[in-house]
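Colleague: The structure follows.
The values are calculated or read from the model by the stated rules, or taken from the named source; none is laboratory data. Nothing here was measured: the structure is a model prediction, and the numbers come from that model. When we count neighbours, we look across all protein chains shown, and the Cβ atoms used for this are built from the backbone with ideal geometry, even at glycine.
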Amino acid sequence: MHNVFKHTAAVAERDCYRSKPHKVSKHAAAVAERDCNQHKIHNVSKKHSSSSSSSSSNQTQQQIILQPNKFPKLSYFTQKILRMKKHLTFVDDTSDKFWNIETFGSQFTVTYGKSGTSGTSQTKNFESEEACLKAAGKIMNEKIKKGYSEEGQPSEIATKGKSEKEIKPAKKDVAPEYDNLIKTKNKTAILPFLNDNSKGNLEALKKAIKKNKRYWVDYVDLENDPEFKPKGKNWYWGKRGDENHEKLIVLSAIALFSKSDVLAWDEVFSMLSNPEDKETLEVLEWAKPNWINEYLLDQRRKNEWRTFPYEALRFLEDREFIAYSPDLFATSLAAMVTMSHNNVPRLKIEKLLEDATAYKRDVPQLFNYDCNIQNFVFWEDGQDERPERKTWEIVLDELLAQKKLDKNFFIEHTILIQTKDWTNNAKSFFRKRLLAQELSVEELLPFQEHIFACLHNAFPAVTAFGMDLVKKISEHPRFASDSFLDWVEPMLMRADCKTSVKTALMVFEKMAKSHPKLKKKIHLNTTEVFLIPDLNLQQRAARFLNKSASEKETELVEKLVSYSELLQGAVRSDLSKFISDQTFGSEHSAAEIYQPKTTSEKVLTERVTLPETWNDVVFLFGEFISSDEVLPMEILLNTYIVSRHLFPADQSKQLQPYYKQLENNYLGGFHLNYASVFFRQKMLDINFKFQIEDDSDEKIATLMSIKHILYAVQARIDRNSTIPMLSFPTHKPHWIEPKTLLQRLLDCQENNVAVDWVDLAVAISRMPRENVSEALPILEKINGEFKELLAYCLGLTDEIKVNAPKKSLFGKLLSKIGGETANPVAYSWAVAARTHNPNGIFPEFDNTDFANFHMVKAPFAPELKSFERFYEYKDYETKKMVRSEIWHELGFDTQPVKTVPAPLLYSLDLINQKRNYLFELGTPANVKYWNSLMPQNGDALALHLLKQSCAQTNSSGADLKAFLQLTVDPGFRMSLLAHKVLGCAFFHDSKEVRMMASEILGMLIENGSVDMEALGKHCAFLSDVRYAPFQRLSDSVAAVKDISAVHNSALQGFYDSFLSDVKYEAKLPTNFKKLVENYLDVALKNGQKPTFQAKTFFEKHKDVASLKPLIKQILD
């Protein structure tokens, strides 16, 4: 019986793996059925494994999990019937894939895919095990017929009946032979080699090609390969191979690579650019690659500046290597004639004009694709002594003149280009070409709807172009007047299209006469002009309505009433025909006068929350990494002093993700990066003693204060002290309440803990005079020279006692930073005096060794100066040196001091610094940190910004925006220097900075914290020295107009101050009229007359033609 079972099992196993349909003996099937009835199968689970080389690779396995010691093991032949596994692979010159099948009972699972992947699995169920095995055998047989086998090579069944040519040769190691061909630069042998060896060895050859490219073609450091170092050169960076190595490797890639392989090879582009080359053409004819079109388009997408030769493209097309692609041919044609000195450009243009395929098929595509044709120029004689010519100006004009380009096509598509998402330079080029044709009204009329579409374009130059064409055709009988009125309405509301609106009003005047039925619609459209805050345009619109419209037009009157609050200057009275005086309401009848506030806001409002658990600490690390605020850093530093017990033994392991983030990222502020070093050292070992090397590029002494703080923190840790740093904030974002600071000093006194001078200086500058009564009991307990100092800081006395008595024991414990002095505590007196009396003069410091430092004895208010700057360069047309346009740079003089003691916070960077990027704050984080060190007096910060960031208007602006944001924070003092920074922001190159300055000005007026007179005087100075275009100032300041009556009052105060101080020795700046219009508007709304000085200015300029009617209204 045992032998019978073995025989039955063998038969079953044989049948499972035969290529014909499976037949299972009845006896075996019966035994299997018996076993299945006797043994219940439990807990079937699927387990995936992936391997590209073994039979279990990339297949879904089903395991039978039996409960132990409960059921006997299934018989051998029953398992064979129930379960069959087979792993087949298929490898040829283009594919490497696998196919698995596994059966169990009445179902099988097929897994297939690319070798090295997990593949895709599909399971199918059958009515019986026999049906399942039969189907599995059938599908496996089909795969074997297709060439799948266990060895990966085509099976005998798959190759049977094929010719010897069709049977792929066995693989062999072809890489060494290929390497030798490249090394010896054997041009004649490369193609025969590829022809003989590519079949069956494709993947191996691809790897060899890529390996040789890395070795011969890629740039590498040749210091270790001196034989390849360029002769006579002092550098080692270069290629090992020459142009012949590169050519053979790239040709090999063209011959064998697929599209996905070749896309990353930029070198192929250059090779295809010369397809007539003998070796290149031979490879193309042998390989016939089908990816050239997609490759060239991909190169175009990645590098718009890179163009493919048009002649090469046509050559490839003629030989059917590529198919016609409109965008590819258009971009290549656009660059056909270039500035190259190696050809005669005129001959190329003449050749193009005679090429029917080019001008009939390809030139029209230039109107469908933005090919930057406006950028291509040449010189007539191939040299650069004569002025350059624009290639496509000549080509298009010639094609139109020779009637080889349809004129109607040119007109239509040139106008349509204005409505496309093309570059403004391209649109401008086509506009100029259209205008150069001097088209008649009859030629333009068929395309008037396209012209109307230009009126909706976001670019003002396009709308102006459209309105100019409308003006030209508007009097023709076939002009679509009604359609035009529909199109033009949105444009009439745009403040950036004033020229177009002015033209539209001129067209309206004529249309109202020639089309009386459309008058009401014209009048209603005209009212949209009053949405633009421009007095001149509003006056034009009002004059037209007074002349053309009737007060009986109900809809018109209702619309004017709704716009009445937007009317500028005297436009209200001009429209009295339509609107009664009562209509205007009384909103501005009782003008509110702007008055700056003298009281300050409370700052001790929100307490700092300290971490209580390890999770709180971990959260702080994440906040420190992601934020540019100062507080998370300071809380973490304080935690290492007072809450070291929160750190678990495995803190290094838990903080590893944060360590990696800190290690791999440069944080936004200098202090953040110094603190990052501290935290990383502690993450590796909490007992590590902090140490750091200075950053040689860091030149800003104030920001270096963080280094003193970090070493002071380490000193606390070394002493095992839990007394917080004196400067650690108690209230957000950086404030310290008086009683807490005094308590910390008392703790230091009682425990003999040294106090860092910089830490004390920062603490004093952060302590406001709030909740003083709570600190008085603690003050009584403090001994020595600090008692008098703290009494001054609390506002209990105005007396400054620099010459303190002999040092106490506590004083001797103070660490000395910044060199010796007769009395180190005098530094703290200097900081305290400048913090709480920013404009004070203190002769008490005359006898100190730091009396001459800025901002010690007196506030530093230097005179801003304007310096003319320019550079010289060689004009390559005239061969002469030419001076650039002059620009202006702000600056001021400082004392020639090299260093300042670190505790003198306000004086640290007021030294003789030259303007240099190393001194620029640059990031918002640096600005916030500086302000957090001296939050009650921002003059030092403002001076630094004036010296570095405001010197020219082309700085990044990030630090200016951060400073502007600070000016509206509680506790910030809006000093004269802060006003000067705000004034400079109005002139900045960045529109974003100017918009923020306008927004901040509105908020400062609302808070009553800005001195409009001081701001006006500074802006007058900047305008006088031609700091930047005047319109920037005019638009920025006018943005606060009509926010409220108070804002209008403040704005008039600014204008009065500005006009009183401005000199304008030469002519008035461009766009000055806009300022006068705004002045007239706010003066009428405020009901206030100009000041005597402003009136004097208007009297002086009342004869200026553009200002005459406005000044007349102001003076009347």
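Colleague: Hey, among the residues in segment 1042-1082 that are of a type in the set (D, E, K, R) and in contact with a helix residue (DSSP H, G or I) (Cβ under 6 Å, 6 or more places away or on another chain), which one's farthest from A997 (Cα to Cα)?
Modeller: Selected residue: K1063.
Colleague: While we're here: Among the numbered conditions (1) assigned to a loop (DSSP other than H, G, I, E, B); (2) surrounded by 17 or more Cβ atoms within 10 Å (Cβ to Cβ), tell me where N525 comes up short.
Modeller: Of the numbered conditions (1) assigned to a loop (DSSP other than H, G, I, E, B); (2) surrounded by 17 or more Cβ atoms within 10 Å (Cβ to Cβ), the odd one out for N525 is (1).
Colleague: Sticking with this structure for a sec: Could you look through segment 621-652, keep only residues that are touching a Leu at 6+ places or on another chain (Cβ under 7 Å), crowded, with 19+ Cβ neighbours inside 10 Å and hydrophobic (A, V, I, L, M, F, W, C), and pick out the one that is nearest to Q714 (Cα to Cα)?
Modeller: So, considering only residues that are touching a Leu at 6+ places or on another chain (Cβ under 7 Å), crowded, with 19+ Cβ neighbours inside 10 Å and hydrophobic (A, V, I, L, M, F, W, C), the one nearest to Q714 (Cα to Cα) is L636.
Colleague: Do you know which residues across segment 1100-1110 are hydrophobic (A, V, I, L, M, F, W, C), over 18 Å from K1063 (Cα atoms) and either touching a residue at least 24 places away in the same chain (Cβ under 8 Å) or not assigned by TED's automatic domain parsing to the domain that holds A1083 (or both)?
Modeller: Selection gives L1110 alone.
Colleague: Restricting to segment 532-562, give me the number of residues that are under 48 Å from the mean Cα position of the chain (by Cα), surrounded by fewer than 17 Cβ atoms within 10 Å (Cβ to Cβ) and not in a helix (DSSP H, G or I).
Modeller: Of the residues in segment 532-562, 0 are under 48 Å from the mean Cα position of the chain (by Cα), surrounded by fewer than 17 Cβ atoms within 10 Å (Cβ to Cβ) and not in a helix (DSSP H, G or I).
Colleague: Out of (1) at pLDDT below 90; (2) in a loop (DSSP other than H, G, I, E, B), the odd one out for P859 is which?
Modeller: So the condition that P859 fails would be (1).
Colleague: Same structure, new question: Restricting attention to segment 146-165, does a residue exist that is farther than 30 Å from S106 by Cα and at pLDDT 80 or above?
Modeller: Among the residues of segment 146-165, not one is farther than 30 Å from S106 by Cα and at pLDDT 80 or above, which makes the answer no.
Colleague: Now for a separate question. Of the residues in segment 170-198, how many are touching a residue at least 24 places away in the same chain (Cβ under 8 Å) and surrounded by fewer than 13 Cβ atoms within 10 Å (Cβ to Cβ)?
Modeller: Count: 4.
Colleague: In addition: Among the residues that make up segment 1029-1040, is at least one of them under 27 Å from F963 (Cα atoms) and at pLDDT below 90?
Modeller: No - not one qualifying residue is present in segment 1029-1040.
Colleague: Counting just the residues of segment 893-921 that are touching a helix residue (DSSP H, G or I) at 6+ places or on another chain (Cβ under 7 Å), hydrophobic (A, V, I, L, M, F, W, C) and under 22 Å from L960 (Cα atoms), which one comes out modelled with the lowest pLDDT?
Modeller: Among those residues, the one meeting the criterion is F919.
Colleague: Report, by residue number, each residue of segment 1013-1028 that is out of contact with any Phe, Trp or Tyr (no Cβ under 8 Å at 6 or more places or on another chain) and farther than 13 Å from G1053 by Cα.
Modeller: H1018, F1021, V1025, R1026
Colleague: Criterion first (in contact (Cβ under 8 Å) with a residue 60 or more places away in the chain and within 28 Å of D909 (Cβ to Cβ)) does V755 satisfy it?
Modeller: It is true that V755 is in contact (Cβ under 8 Å) with a residue 60 or more places away in the chain and within 28 Å of D909 (Cβ to Cβ).
Colleague: Okay, moving on. From (1) within 37 Å of the chain's Cα centre (by Cα); (2) touching a residue at least 40 places away in the same chain (Cβ under 8 Å), pick out the condition that doesn't hold for V529.
Modeller: Status for V529: all satisfied but (2).
Colleague: Could you please give the count of residues in segment 392-437 that are under 12 Å from L353 (Cβ atoms) and assigned to a helix (DSSP H, G or I)?
Modeller: Qualifying residue count, segment 392-437: 8.
Colleague: Determine whether segment 470-478 contains at least one residue that is within 25 Å of W422 (Cβ to Cβ), free of Cβ contacts under 8 Å to residues at least 60 places away in the same chain and not in a helix (DSSP H, G or I).
Modeller: No, every residue in segment 470-478 fails to be within 25 Å of W422 (Cβ to Cβ), free of Cβ contacts under 8 Å to residues at least 60 places away in the same chain and not in a helix (DSSP H, G or I).
Colleague: Follow-up. Can you find even one residue in segment 946-969 that is under 18 Å from V1025 (Cβ atoms) and among the aliphatic types (A, V, I, L, M)?
Modeller: Within segment 946-969, one or more residues are under 18 Å from V1025 (Cβ atoms) and among the aliphatic types (A, V, I, L, M).
Colleague: Is there any pair with a first residue in segment 638-660 that is without any contact (Cβ under 8 Å) to a residue 60 or more places away in the chain and assigned by TED's automatic domain parsing to the domain that holds R680 and a second that is surrounded by 13 or more Cβ atoms within 10 Å (Cβ to Cβ) and acidic (D, E) whose Cβ atoms are under 8 Å apart and which are 6 or more apart or on different chains, and what are they?
Modeller: Close Cβ pairs satisfying both conditions: L646/D616.
Colleague: For segment 605-634, how many residues are within 20 Å of L655 (Cβ to Cβ), of a type in the set (S, T, Y) and either part of a loop (DSSP other than H, G, I, E, B) or at pLDDT 95 or above (or both)?
Modeller: The qualifying residues number 2.
Colleague: Would you mind telling me which numbered condition in (1) in contact with a strand residue (DSSP E or B) (Cβ under 9 Å, 6 or more places away or on another chain); (2) crowded, with 17+ Cβ neighbours inside 10 Å; (3) at pLDDT below 95 E737 fails?
Modeller: The failed condition is (3).
Colleague: Which residues, taken from segment 961-989, are under 16 Å from P596 (Cβ atoms) and either of a type in the set (V, I, T) or under 27 Å from the mean Cα position of the chain (by Cα) (or both)?
Modeller: Of everything in segment 961-989, those that are under 16 Å from P596 (Cβ atoms) and either of a type in the set (V, I, T) or under 27 Å from the mean Cα position of the chain (by Cα) (or both) turn out to be T967, V968, L982.
Colleague: Looking at (1) within 20 Å of R1026 (Cβ to Cβ); (2) of a type outside the set (G, A, S); (3) not in a loop (DSSP other than H, G, I, E, B), can you tell me which one K874 breaks?
Modeller: Of everything listed in (1) within 20 Å of R1026 (Cβ to Cβ); (2) of a type outside the set (G, A, S); (3) not in a loop (DSSP other than H, G, I, E, B), K874 misses just condition (1).
Colleague: Kindly indicate which of E393, E475, E438, E449 is charged (D, E, K, R) and on the phi > 0 side of the Ramachandran plot.
Modeller: When all the criteria are applied, what remains is E438.
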